[in-house]
Structure formats: structure tokens, C-alpha cells
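Any read-out appearing in this document is the output of simple, stated calculations on the displayed coordinates, not a laboratory observation. All figures in this text were calculated on a predicted structure; none of them were measured in a lab. In this analysis, Cβ positions are derived from the backbone assuming ideal geometry, glycine residues included, and neighbour counts consider all displayed protein chains.
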């Protein structure tokens, strides 16, 4: 699968971005909400998750805390 094909399909980054925008949150607000929930995620980490710019696969703990901060089910973020 080429990078272009991957970007055209549903990705984790696109799902996070869509959920964040649906809640009218900025990346900074999402980072602050994650920190409030007990896990510090830098703004750069949030940006890299949304841009699918994570080498290998992102840590599941990061995805879980983002899902909790966005108040969505974890399954809603993970592409099928």
C-alpha cells in the first residue's frame, strides 16, 4: 500500500481529527484535556497522531487517553 492510498482511506489520524473537530476542540485543548485525565501528551504528539506521522504504530495508551478526552469509544477511532 502506498502512502497516497493510505491517506485516501480511513486512518487513525483522520478519525482523531474528525472527532476533535466535532467537539470544537483545538489541538492545544485536546492536549490539556489529556493532561487533566492524567497523561501528558504534548502538542507535537497530538499533531503527529493526527498527521499519521508516527513511526511504526502509536502507543495504545496514547490512543486510549485521546479517546477518553474526546469522549468517544476507542473502537470509533481505530480504522477497520
- request: Return the single residue from 22, 69, 51 with maximal mean-square fluctuation; model: Gaussian network over the chain, springs between Cα atoms under 10 Å.
  value: 22
- request: Could you line up 48, 39, 20 from fewest to most neighbouring Cβ atoms inside 10 Å?
  value: 39, 48, 20
Helix 12-22 vs. the chain, principal-axis angle (Cα, 0 to 90°, nearest 10): 50
message: Based only on other Cβ atoms within 10 Å, what is the fewest-to-most ordering of 31, 57, 42?
response: 57, 42, 31
Nitroxide proxy distance, nm - points 7 Å out along Cα→Cβ at residue 55 and residue 32: 3.2
query: Hey, of (i) 47; (ii) 16; (iii) 27, which did the structure itself give for percent of Cα pairs over 22 Å apart when calculated?
result: (ii)
message: Using 0.36 nm times the number of residues separating residue 73 and residue 10, minus their current alpha carbon distance, what extension gain do you get?
response: 21.0 nm
field: residue 64-residue 23 FRET efficiency (beta carbon distance; Förster radius 22 Å; 0.05 resolution)
entry: 0.85
